[in-house]
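J.: One structure follows; several queries about it will come next.
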Amino acid sequence: MAGLTIAVPSKGRLKDQTAERLERAGLILLTGNDRGYRGSLRGLDGVDVAFVSAAEIVHQLKSGRVQLGITGEDLIRETLADVDGTVEFLVPLGFGRADVVVAVPDCWIDVERMADLEDVAAQFARVHGRRLRVATKYMNLTRAFFAAHGVAGYRIVESLGATEATPAAGTSELIVDITTTGATLRANHLKVLRDGLILKSQAHLFASRRAQWDAAALKLRDAIVTRLSSAK
């Protein structure tokens, strides 16, 4: 039986980047025979690999079903109510970088900061009889950030598709979304508020505070941390 289980992304760019980052640390991801859902690490005996979605990794860490996981900080902070009590940030991995930002239509010339949004919301409510709609997949991060800036005159519209297209489609007035270069936002005639950066996210190696940790698992964790930290 493996001494430690680490969850890694099961598909897409995050999976490829995770494999590349581990390989630079001398750890090769190997897929087992369980329909590709389980594997191991060549270069470190005793480690069981679980291939699951980046979002599911957060839940695996929360429940303690895995001791380690590689996923994005944005998913961790959006999903977990008690981040510090649930996971430990072990190693920032330098990929999966994205900023979670507040963006408004670039035709809103007088709206540059979060403080401007409450004034706009009050005016919008008087004219249209409803609150500003904020389209986002990051509902918890949005609520916390807006509350911290004293913005209350809005309601969240959960985005299930291309969030950046919702203002032009008429289903929201502004958005909270991730961006890397800002090109997609500009293409949709959106601008990021000057103080609208909610989170600078990247992939991390996380440890679950709710998992079982015996001496063997702790030794394997330390070995993985050491290798990832020394091999940039």
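J.: Looking at region 98-201 only, what percent of DSSP beta bridges run antiparallel? Nearest 5 please.
T.: The antiparallel fraction comes to roughly 60 percent.
J.: So how much slack lies between ILE28 and ALA231, counting 0.36 nm per residue of separation and subtracting their Cα-Cα distance, in nm?
T.: That works out to 71.7 nm of additional length.
J.: Okay, next question. Setting aside same-chain residues fewer than 8 positions from LYS11, which aspartates and glutamates have a Cα under 15 Å from its Cα?
T.: GLU20, GLU56
J.: If you don't mind, another one. In nm, what is the difference between 0.36 nm times the number of residues separating GLN202 and ARG186 and their Cα-Cα distance?
T.: Stretched fully, the GLN202-ARG186 segment lengthens by 3.5 nm.
J.: Now, a different point. Using the crude model of +1 on Lys and Arg Cβ and -1 on Asp and Glu Cβ, and no other charge, please compute the dipole size for region 13-144 relative to its Cα centre, in debye to 20.
T.: 460
J.: Counting each DSSP H run of 4 or more residues in the chain as -39500 (n - 2.57), what helix-only mean residue ellipticity at 222 nm follows after dividing by all residues, to the nearest 500 deg cm²/dmol?
T.: So the calculated ellipticity at 222 nm is -10500 deg cm²/dmol.
J.: Quick one: order SER230, SER53 by neighbouring beta-carbon count within 10 Å, fewest to most.
T.: Ascending number of Cβ neighbours within 10 Å: SER230, SER53.
J.: Which percent, nearest 5, of DSSP beta bridges in the chain are antiparallel?
T.: Counting only bridges with both partners in the chain, antiparallel ones make up about 65 percent.
J.: Any of LYS62/LYS219; LYS62/LYS137; LYS137/LYS232 with alpha carbons more than 27 Å apart? Name them for me.
T.: Long pairs (Cα-Cα over 27 Å): LYS137/LYS232.
Readers should treat all values here as calculations from the given coordinates under stated rules, not as data from a laboratory. Quick caveat: nothing in here was measured; it's all calculated off a predicted structure. Every residue, glycine as well, gets a Cβ built from its backbone with ideal geometry; the counts of neighbours run over all protein chains shown.
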